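Inspection log for the structure reproduced underneath, given as structure tokens.
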Amino acid sequence: MTARLAGKRALVTGASRGLGRAIALRFAEEGARVAFTYSRDEAGAAETLRALQHGGREARGTRCSVLDARGTEALVREIERDWGGLDILVNNAGVSQNLPLALLEEEDWDHVMDVNVKGTFLTSRAVVRGMIRRKGGVVLNIGSLAGVRMIEAPIHYFTSKAAIKGFTEALAKEVAHHGVRVLCLAPGLLEDGLGKNLPDHRLAAYLKHTALRRVGTLDEVARVAAFLVSDANGYMVGETVVADGGL
Ligand SMILES: NC(=O)c1ccc[n+]([C@@H]2O[C@H](COP(=O)([O-])OP(=O)(O)OC[C@H]3O[C@@H](n4cnc5c(N)ncnc54)[C@H](OP(=O)(O)O)[C@@H]3O)[C@@H](O)[C@H]2O)c1
């Protein structure tokens, strides 16, 4: 295994389980020092931290919601003080609910839009300032096939992920000349995480129409993430990369 991310310092939001944990572990295996956040799942976070620290690797996990602007600023300043900066941010924390429009309450809409979109803004703002000062870094936003292609998905979730694609393009244009690359990774349906609670008919439709006839694994997507944030990928800016098994 080449240590593609050797010497890199990364922050991954929402890594107490699911894709965030897989990305954090993949980055650590490829040589990065990894910090992560979560908002509730203490047991999952402890498991992620244990796995990250395997073999004496340096890592940190902090309970801090992506909606806690002050907490996020304080955490980023602390990591920058202790590690000298951050090279990689992965805005992964995300939520969804399987509800049709007619049953969506205003609070449901706000919660999904807040965590998925405002959380990405608040964390990016806290981290990108330092990246601009240090003239380097990569922000990887986790989007979704929902938001990129016209598939069946809850409208608040779909809308939030379409916003992430737009956020990626606007921020990429704004900060590229400071040496900061901003990208979006849009997975299709995965073996675990948010996709697990899909109604059977939606899973069946996905399997039927996907060229590979299967859902993706968390590690398959984490490996794409590791390439996207690596120095081997220096000329890709503002792009949304889809990993969906061919839909
Ligand atoms: N799984 C899929 O099929 C799939 C497909 C396409 C895109 N994605 C995207 O992948 C990302 C990860 O989703 P997942 O499937 O891995 O879901 P998941 O297993 O539910 O994990 C979500 C993570 O986000 C954290 N989180 C939720 N709200 C948070 C908040 N306010 N502040 C900080 N952390 C928070 C959760 O931790 P706590 O509970 O501790 O807060 C958890 O660690 C999301 O952006 C999702 O949209 C997933």
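What about Arg50, is it assigned to a loop (DSSP other than H, G, I, E, B), of a type outside the set (S, T, N, Q) and exposed (fewer than 15 other Cβ atoms within 10 Å of the Cβ)?
Numbers: assigned to a loop (DSSP other than H, G, I, E, B): no; of a type outside the set (S, T, N, Q): yes; exposed (fewer than 15 other Cβ atoms within 10 Å of the Cβ): yes.
So Arg50 does not fit the description; no.
Would you point out which residue out of Gly166, Gly119, Gly130, Gly94 is at pLDDT 95 or above and assigned to a loop (DSSP other than H, G, I, E, B)?
On the way: Gly166 fails: assigned to a loop (DSSP other than H, G, I, E, B); Gly119 fails: assigned to a loop (DSSP other than H, G, I, E, B); Gly130 fails: assigned to a loop (DSSP other than H, G, I, E, B).
Step by step, each of Gly166, Gly119, Gly130, Gly94 is checked, and only Gly94 is at pLDDT 95 or above and assigned to a loop (DSSP other than H, G, I, E, B).
Which one of the conditions (1) of a type outside the set (Asp, Glu); (2) within 22 Å of Val115 (Cα to Cα); (3) within 12 Å of the ligand (Cβ to nearest atom); (4) surrounded by fewer than 14 Cβ atoms within 10 Å (Cβ to Cβ) does Thr217 fail to meet, given that it meets all the rest?
(2)
For region 28-60, name all the residues that are among the polar types (S, T, N, Q) and touching a helix residue (DSSP H, G or I) at 6+ places or on another chain (Cβ under 6 Å). Break it down into steps so the answer makes sense when it comes.
Taking region 28-60 and keeping what is among the polar types (S, T, N, Q), we get 37, 39, 48, 53.
Matches in region 28-60: Thr48 only.
Test Ala226 against the criterion of being under 22 Å from Val112 (Cβ atoms) and crowded, with 19+ Cβ neighbours inside 10 Å, and give yes or no. Step through it out loud before you land on a result.
Values: under 22 Å from Val112 (Cβ atoms): no; crowded, with 19+ Cβ neighbours inside 10 Å: yes.
Considered against the rule, which asks whether it is under 22 Å from Val112 (Cβ atoms) and crowded, with 19+ Cβ neighbours inside 10 Å, Ala226 comes out as no.
The values are calculated or read from the model by the stated rules, or taken from the named source; none is laboratory data. Keep in mind the model is a prediction, meaning the values are calculated, not measured. Using ideal geometry, Cβ is built from the backbone for each residue, glycine included, and neighbour counts are taken over all protein chains shown.
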